[in-house]
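Novice: What follows is a structure written as structure tokens; I'll ask about it next.
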């Protein structure tokens, strides 16, 4: 296992997840229920499943689609979601 890849991925995902809707949902569920460990376990399992799905799809996608195309599509997707949030909000 590449340590530099591990830490680069860890830091990137950790920073991306700070303050996002997943974290807010976990805080809300904890505040409503008071069940810290149950919410922690459920949120952790959900993040692991979502990440596994992303890794599998990404691995398959890179076999058929050039990396540059994926970067452009991902960027366009983020811009589209941002515009949607601004327009809807």
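Every number in this text was worked out from the coordinates using simple rules, so none of it is lab data. All values derive from a computational prediction rather than experimental measurement. So basically every Cβ, Gly included, is an ideal-geometry build from the backbone, and we count neighbours across all protein chains shown.
Novice: Stokes-Einstein D for the stretch 42-84 at 25 °C, 0.890 mPa s, Kirkwood Rh over Cα pairs, in µm²/s?
Specialist: Translational diffusion coefficient: 207 µm²/s.
Novice: May I pose another question? Please report the spacing between the Cα centers of the stretch 75-89 and the stretch 15-42 in Å, no decimals.
Specialist: Between the Cα centres of the stretch 75-89 and the stretch 15-42 lies a distance of 24 Å.
Novice: With a 10 Å cut-off between alpha carbons and a GNM built on the chain, which of 54, 77, 19 moves the most?
Specialist: Taking springs between Cα atoms under 10 Å, the residue moving most is 77.
Novice: Identify which of 29, 16, 41 has the largest mean-square fluctuation in a Gaussian network model of the chain, with springs joining Cα atoms closer than 10 Å.
Specialist: 16
Novice: Return the distance in nm (one decimal) between the two label points of a simple spin-label model at residue 74 and residue 38, each offset 7 Å from Cα along Cα→Cβ.
Specialist: 3.6
Novice: Next question, about the same structure. At 222 nm, what helix-only mean residue ellipticity would the chain give, in deg cm²/dmol to the nearest 500, using -39500 (n - 2.57) for each DSSP H run of four or more?
Specialist: -30500 deg cm²/dmol
Novice: How high is the FRET efficiency between residue 1 and residue 31 when r is their beta carbon distance and R₀ equals 25 Å, given to the nearest 0.05?
Specialist: The computed FRET efficiency comes out at 0.10.
Novice: Moving to a separate point now. Roughly what would the spin-label model give for residue 12 and residue 55, points 7 Å off Cα along C-beta, in nm?
Specialist: Label-label distance for residue 12 and residue 55, simple model: 1.4 nm.
Novice: Okay, moving on. Would you calculate the separation in nanometres between label points at residue 45 and residue 62, each defined as 7 Å from the Cα along the Cα-to-beta-carbon direction?
Specialist: Distance between label points: 2.9 nm.
Novice: Also, I was wondering about something else. Of all the Cα-Cα pairs you can form in the stretch 3-88, what percent are over 17 Å apart?
Specialist: The calculated P(r) of the stretch 3-88 puts 66 percent of pairs beyond 17 Å.
Novice: OK, next. What angle, in degrees between 0 and 90 and rounded to the nearest 10, separates the Cα long axis of helix 3-17 from the longest principal axis of the Cα atoms of the chain?
Specialist: Compared with the principal axis, the helix lies near 60 degrees.
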